[in-house]
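Some notes on the structure that comes next.
The values are calculated or read from the model by the stated rules, or taken from the named source; none is laboratory data. The model shown is predicted, which means the values in this text are computed figures rather than measured ones. Here the Cβ is made from the backbone with ideal geometry for all residues, glycine too, and neighbour counts use every protein chain on show.
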Amino acid sequence: MADTPLARSAAFTKLKFQLTRLRYRTDIILSIIFVIVFGFLVLVPLIKIIIVSLTYQSFDMRVIRDMKKLGTFTLYHYKRIFASDFSYAILVKPFINSLLVGFGVTAMAMLLGSLLAWAIVRTDLPWKNFFDSIIVIPYMMPSWVIALAWLIIFKNNRVAGEDGMLKILFGITPPDWFSYGLFPIIICLGLHYYSYSYLLISGALKTVNSELEEAGAIAGLKKWAVLRKITFPIVLPALGSSFVLTFTRSMGTFGTPALLGLPVRFFNIPTQIYASISMRNMGDAYVLALILVVLAGIAIYINSKIVGVRKSFVTMAGKGFKNRMNSLGSWRYPVAIIILLFLFVAFLLPLLLLVWNTFLLLPGDYSISNLTTHFWIGDSDYRIASGEPGIFKNPGIWNGVWNSIRLGVLAALINGFLGLFIGYAVVRNRGTRLSKSLEAISFAPYVFPSIAMGAIYLGMFAKPLGPIPALYGTFSLLVLIVVVKNIPFSSRSGISAMLQIDKSLEESARLQGLPWFKRFRKILFPLTKSGFLSGMILTFITAMRELSLIILLVTPTTRVLTTIIFAYEDQEEVQHANGVTLILITIIIIANFIVRKFFGNKSLMGLKES
Amino acid sequence: MSWIELKNIKKTYSGAPAVRELNLKIEDKQFVTLLGPSGCGKTTTLRIIAGLEEPDSGEVIVDGKIFFSREKGIFVPPEKRRLGLIFQSYALWPHMTVRKNISLALEQMHLSKEEIDNIVHEVLEKVQLSEYIDRYPSELSGGQQQRVAVARMIAAKPSIFLMDEPLSNLDAMLRVDMRAELKKLHHDSGATTVYVTHDQVEALTLSDKIAVMNNGVLKQIGTPEEIYKRPEDLFVARFVGSPRINSIEGSLAKKDGRFFFEREEIRTALSEIDDSDMSRLEKLSEGKLIATIRPEDIGVSKTAKPGWLEVVVTSVLPAGSETILTVITKGNVELSLKMNGFTDIKRNDRIWINIDPGKTNYYNEKTGKLILSYFK
């Protein structure tokens, strides 16, 4: 049947129709290209992880001693990790630690975030605008900055190097559990991640019309009942989202657990993966990575259920309404001062400590005579810091600054445009299977633990792959992985930016005869510019402070600031590590300031989308 | 010459039919309105003509040129159709001044700067907005934005205007003014116009022809008078006209050699009907039928008149130029009446009415199809 001339010509007209139609459907063309390219960049790694985890690796040959089995199918790694004598050390303990870190950090971050959000959004607290703008600054700092500061204060003699401030100034040796491991990890990460909860919850609280609460009060509900029956259900989706986000992120975080956990052999899953990869034990590492992927997948599923509910509340935003503030009475100023103190501890104090520390010739000696500018402007001196020259005279660091900025700007630009194009493709086709698969695949990189994704890209691009040359050791590979890892965020901000543009604005341009490129340049782009910029600054910040994703991929010429910091910290060259951290933070804050200054101050709002 | 032909257009949205088997021909220079309740497929039809929606099957032909035919593998995209479309939201580009909104498409046509400037001024003069040329849309009132949308459309000189509920975002007064302006625009430009609205008054005032749609089906196409006086089915009869047309369920009867429509005490003579007509009617109506009469066609008297029906007034709604009465017959049939100006008739008064057989249409009760009309 299918071969009769009639059927063939029918198939031909069908094809001809689709081709003529597709020429003018840039949204569909973009969707198809993106699905293929991202599918390649996301699914290939995933398949690769699975294959590696199911075959014998060269590392295993030390135990197996049968070279013929190399690369053949096996459940060896799964047995080793789930049911062997090592299970407790490799899986159970890190897993429990990851869960403890996850729950501890989430509890602390959500408590801080929601209390601050309530105080700033719903009460008559003084200096609100100041608080609202400054409270998200911890978001811009790498999450491990506070950990560095913690070490300056509470370091004990457990590891090599100098004692912490506490020991030197007051003679108190903090116990191990206080200096390292679970407790400080939770505190330090909690002081970072509260900003996520704050952003989400304050955003939701801002949409609660106080008239709704008043209506409840008029209907005879007691104050507590109003909170429970009206306010809470409206904020619930935001609480749920911030729980899932904080939990998955803190569970999968690498920097802080590495700095504060490794000295006492406290492993969570990411540091365990790092340890396995360092030993070239890829099989174990990838099984652990798959566990994180599955956990993140579950969390996203839960989150999508919650966000699905949230959509029904969105209609409330946009209309200006009166928001009657709860009165704090005589507590107004005390509460404000407590918040100031909190910000001091969470943000200013760590920075000040880092600054101070960079001026100490010998770390831990706080006398005036020990002050030096050597670590900033000194020439190479073999007696100090293995002869590393001061930061401003150190070509390695300048190269790192250049690389970091290059990486940040390139990733920001690429992700910014990708986000808009993805947003356009998803929104114009909304409801179709193509649009749904593009949305899903754009979100997929989110589930990859950074450290594991770095490891896979290392293997994937070490040799030429199809049309792609070997990328290992090139700067392009860093850009590629940062771009891919950030697609979930940029596509989401692109989608929400595109959703805000009524499609008739583009349709009227179509009827007026404007081709796609012109419509994009003259209409869609100018109208989504603010979303585009906020997406860009967001990617810039994330790229600048990225560590675990690229730590396995950098080579001496492509080193960026974060990996330089990690290397210095590893070599106990604390002043250099702290100084470079300060440079990194300064660049991020200046960049953010410039964007806010010159492109309108909406940019930080974009943080709320992540 | 600009005529539009839709052949067997079908369109479904994820399984739900939006337009079914639509056939429609719009003649050159005509003003045709697609009228119907929301969700009837009128906007979808307009968007199919514009090329913004792709039907599942069928053909769109303009001036004899096929714009769309899946079967023949032809698709002309909206940007090549050279049609003008005014959106309900006007779809002005908010980041561009009035001048830029109008000139953007002209720049695409390889015209000189001078020519573009001339056209912009010319069309703005036509819509009386010359002094607003450098304003942004947000700085204009709703009516002014509407006029900018008109100016932008006519600047490109399309030979077909498409309008998607262009007046529904304006307040009542402005709507009446803009109605007159749109009619003048159509008259001056001579462009074939397809106008979508759910407002039957707009449709009646503006159109050369009205196409009434419901559930994706074209119910009737005709001149406003035909649509108003001779609705082809009950849906059209009830959708057009305000207050809603009166419909009375009843049956056919023959008495003393004359034919009647009967419903308890209501009895109207069917004029100019003989036995053969009657048997045809009986067959068409399958026994039960519905008589319809417009509220303004019912005679009203405060005193009894022979042959008139006594009713009780249940509500009186004066609206200045007219007063709407609701009355109820002894047999519990509710009817609306329309009287000119004000009246001293009050609620619970007894009045007499006359259902004029010369103004009555009859429909099959089951199918809702017209079987006998006073309007030929």
Look through B:LEU85, B:LEU104, B:LEU92 and report the one residue that is free of Cβ contacts under 8 Å to residues at least 24 places away in the same chain, within 12 Å of another protein chain (Cβ to nearest Cβ), among the aliphatic types (A, V, I, L, M) and surrounded by 19 or more Cβ atoms within 10 Å (Cβ to Cβ). B:LEU104
State which residue is nearest to A:VAL35 (Cα to Cα) when the search covers only region A:432-442 and only residues that are touching a Ser or Thr at 6+ places or on another chain (Cβ under 7 Å) and of a type outside the set (Gly, Ala, Ser). A:LEU438
Within region B:71-81, restricting to residues that are under 30 Å from the mean Cα position of the chain (by Cα) and facing chain A (nearest Cβ under 7 Å), the one that is nearest to B:THR33 (Cα to Cα) is B:PRO78
Quick one: A:GLY431 ticks every box in (1) assigned to a helix (DSSP H, G or I); (2) assigned by TED's automatic domain parsing to the domain that holds A:PRO488 except a single one, so which number is it? (1)
Selection from region B:264-285 of residues surrounded by fewer than 19 Cβ atoms within 10 Å (Cβ to Cβ) and of a type outside the set (Asp, Glu) yields B:ARG267, B:ALA269, B:SER271, B:ILE273, B:SER276, B:MET278, B:SER279, B:ARG280, B:LYS283, B:LEU284
A:ILE397 versus (1) loosely packed, with under 14 Cβ neighbours inside 10 Å; (2) within 18 Å of A:THR581 (Cα to Cα): which is the lone unmet condition? (1)
Does B:GLU122 meet the test of being of a type in the set (Asp, Glu), out of contact with any Leu (no Cβ under 8 Å at 6 or more places or on another chain) and away from chain A (no Cβ under 13 Å)? yes
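Would you please name the residue that is surrounded by the fewest Cβ atoms within 10 Å (Cβ to Cβ), looking only at residues in region B:60-70 that are away from chain A (no Cβ under 12 Å) and touching a strand residue (DSSP E or B) at 6+ places or on another chain (Cβ under 6 Å)?
Taking region B:60-70 and keeping what is away from chain A (no Cβ under 12 Å), we get B:60-65.
Next cut, touching a strand residue (DSSP E or B) at 6+ places or on another chain (Cβ under 6 Å) only: B:60-62.
Numbers: B:VAL60: 24, B:ILE61: 16, B:VAL62: 22.
Filtering region B:60-70 for residues that are away from chain A (no Cβ under 12 Å) and touching a strand residue (DSSP E or B) at 6+ places or on another chain (Cβ under 6 Å), the one surrounded by the fewest Cβ atoms within 10 Å (Cβ to Cβ) comes out as B:ILE61.
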The conditions are (1) in a helix (DSSP H, G or I); (2) at pLDDT below 80; (3) surrounded by 18 or more Cβ atoms within 10 Å (Cβ to Cβ), and A:LEU199 fails exactly one of them. Which is it? (2)
Go through region A:20-58 and give me each residue that's in contact with a strand residue (DSSP E or B) (Cβ under 6 Å, 6 or more places away or on another chain) and surrounded by fewer than 17 Cβ atoms within 10 Å (Cβ to Cβ). A:THR20
Any pair with Cβ under 6 angstrom, 6 or more apart, that starts in region B:123-135 at a residue that is closer than 20 Å to B:ALA180 by Cβ and ends at one that is β-branched (Val, Ile, Thr) and in a helix (DSSP H, G or I): B:VAL123/B:ILE154; B:VAL127/B:VAL150
Considering every residue within region A:487-500, establish whether at least one is in a loop (DSSP other than H, G, I, E, B) and within 14 Å of another protein chain (Cβ to nearest Cβ). yes
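Mind counting the residues in region A:521-532 that are more than 13 Å from chain B (Cβ to nearest Cβ) and surrounded by fewer than 21 Cβ atoms within 10 Å (Cβ to Cβ)? Walk me through it before giving the result.
Our first condition is that a residue be more than 13 Å from chain B (Cβ to nearest Cβ); within region A:521-532, this holds for A:531-532.
Subset that is surrounded by fewer than 21 Cβ atoms within 10 Å (Cβ to Cβ): none.
Summing the residues that are more than 13 Å from chain B (Cβ to nearest Cβ) and surrounded by fewer than 21 Cβ atoms within 10 Å (Cβ to Cβ) in region A:521-532 gives 0.
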Is it true that some residue in region A:39-46 is of a type outside the set (Val, Ile, Thr) and farther than 29 Å from A:SER490 by Cβ? no
Being of a type outside the set (S, T, N, Q), more than 19 Å from A:ILE541 (Cβ to Cβ), free of Cβ contacts under 8 Å to residues at least 40 places away in the same chain and surrounded by 24 or more Cβ atoms within 10 Å (Cβ to Cβ) narrows it down to one of A:LEU511, A:LEU465, A:LEU505, so name that one. A:LEU511
